[in-house]
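To start, the structure itself, in structure tokens.
The values are calculated or read from the model by the stated rules, or taken from the named source; none is laboratory data. All of these numbers come straight from a predicted model, not from anything done at the bench. All Cβ positions, even for glycine, are placed from backbone atoms using ideal geometry, and neighbour counts span all protein chains on display.
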Amino acid sequence: MNNTSQSIHDISTDPRNADILISINGELFPREQAKVSVFDSGYILGDGVWEGLRMVNNGIPFLHAHIERAYEGAKAIFMDIGIRPQELVKRIFDCLDANKMTDGAHIRLMITRGVKSTPYQDPRVTITPPTIVIIPEYKQPKPDGMIKGLSLHTVNVRRGYPDVQDQKINSHSKLNCITACIQASNAGADEALMLDPHGFVATCNSTHFFIVRRGEVWTSTGQYCVVGITRGNIIRLCRDLGIPVFEKHFSLYDVYGADEAFVTGTFAGTTPVRIIDGRPVRNPLSDAAWSGAGPITQKLSHAYKELAKREATRSLG
């Protein structure tokens, strides 16, 4: 892989993470002792669902949406999580409280089908309840990401049809995204831009993709990407702020002529894109090339941060 590219998930190492406690099925373990079985469904097959959450002001923004997505994903793959949503939320905050975390933490919630009696795909050889792992770490996106912006490279790995593997499921099976990420990195880019089976723009390998054209915000139809919570909130903010926003089919032609571009995700919120397939993102009328965020991207980024603070909570109420 190309070592000159960066990742939207690049972080500065935080020494506090060496001493974190990790929750495995409700029991807390020091980092170096946190282990799951080699017979676990997640390890053997990537059989499970996951969520990425952030802690802001002693709460988790959009908590209800994250928990709902986890249970919907589990239902879609015929997996019973085994505990009620309220108990899962309690486990998350028990883990955060045990680590004395109140802000600036990123949480990875992973739920697999459980331990198998033998390495085999059939769920009927699963012999335990689901494995539920909660890993909280102190993580903040590097500030130069918002200043510099990302470079994207369109890869040949497509987001597939839902009758092959529904891309809306936030599953552990991410090989197509990993391959896309490697291709982009080998091309010297930071993130992969992925197309849908029809050749329209779908999403990125780990984030959702937006463009701004003539004052309008465009994103894909959403049919070939994970049901993005940050994505949904950006669409909501556009409507609240009176910015025209469209979920639609569009091609690379539209992307190359965009005035602004940005990606969204739980970890970094919004991050501007500065270059796509070697083409700088610029307003063709003003010839202004953005080294960082354009004006609409900046406006949405600020509004999203304020929304996340307002909607940080510790309950599903």
> Within the range 177-187, which residues are in contact with a strand residue (DSSP E or B) (Cβ under 8 Å, 6 or more places away or on another chain) and small (G, A, S)?
Replying inline: A180, A184, A187
> Can you spot a residue in the range 163-181 that is on the phi < 0 side of the Ramachandran plot, surrounded by 20 or more Cβ atoms within 10 Å (Cβ to Cβ), in the same structural domain as K305 (by TED's automatic domain parsing) and of a type in the set (K, R)?
Replying inline: no
> How about the range 239-284: which of its residues are touching a Phe, Trp or Tyr at 6+ places or on another chain (Cβ under 9 Å) and β-branched (V, I, T)?
Replying inline: V245, V255, V263, T264, T266, T270, T271, V273, I276, V281
> Does N176 satisfy the criteria of being within 29 Å of G48 (Cα to Cα) and under 14 Å from the mean Cα position of the chain (by Cα)?
Replying inline: no
> Would you call G52 in contact with a His (Cβ under 6 Å, 6 or more places away or on another chain), within 20 Å of V89 (Cα to Cα) and not basic (K, R)?
Replying inline: no
> Which residues, taken from the range 1-35, are at pLDDT below 95 and part of a strand (DSSP E or B)?
Replying inline: I11
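Determine whether F210 is without any contact (Cβ under 8 Å) to a residue 60 or more places away in the chain, closer than 19 Å to R158 by Cα and assigned to a strand (DSSP E or B).
Here the answer is yes, as F210 does meet what is asked.
Let's see how each residue does on (1) among the small types (G, A, S); (2) over 21 Å from the mean Cα position of the chain (by Cα):
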{"site": "L237", "(1), (2)": "no, no"}
{"site": "S251", "(1), (2)": "yes, yes"}
{"site": "D254", "(1), (2)": "no, yes"}
{"site": "G257", "(1), (2)": "yes, yes"}
>> Checking N186 against (1) touching a residue at least 12 places away in the same chain (Cβ under 8 Å); (2) of a type outside the set (K, R); (3) over 21 Å from I276 (Cβ atoms), only one condition comes out false. Which one?
In response: (3)
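Here's the yes/no breakdown for (1) under 29 Å from T271 (Cβ atoms); (2) crowded, with 17+ Cβ neighbours inside 10 Å:
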residue: L21; (1), (2): no, yes
residue: E32; (1), (2): no, no
residue: S41; (1), (2): no, yes
residue: R54; (1), (2): yes, yes
residue: P61; (1), (2): yes, yes
residue: I67; (1), (2): yes, yes
residue: F78; (1), (2): no, no
residue: T112; (1), (2): no, yes
residue: Y120; (1), (2): no, no
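Would you mind stating whether V164 is in contact (Cβ under 8 Å) with a residue 12 or more places away in the chain and not charged (D, E, K, R)?
Answer is no for this residue.
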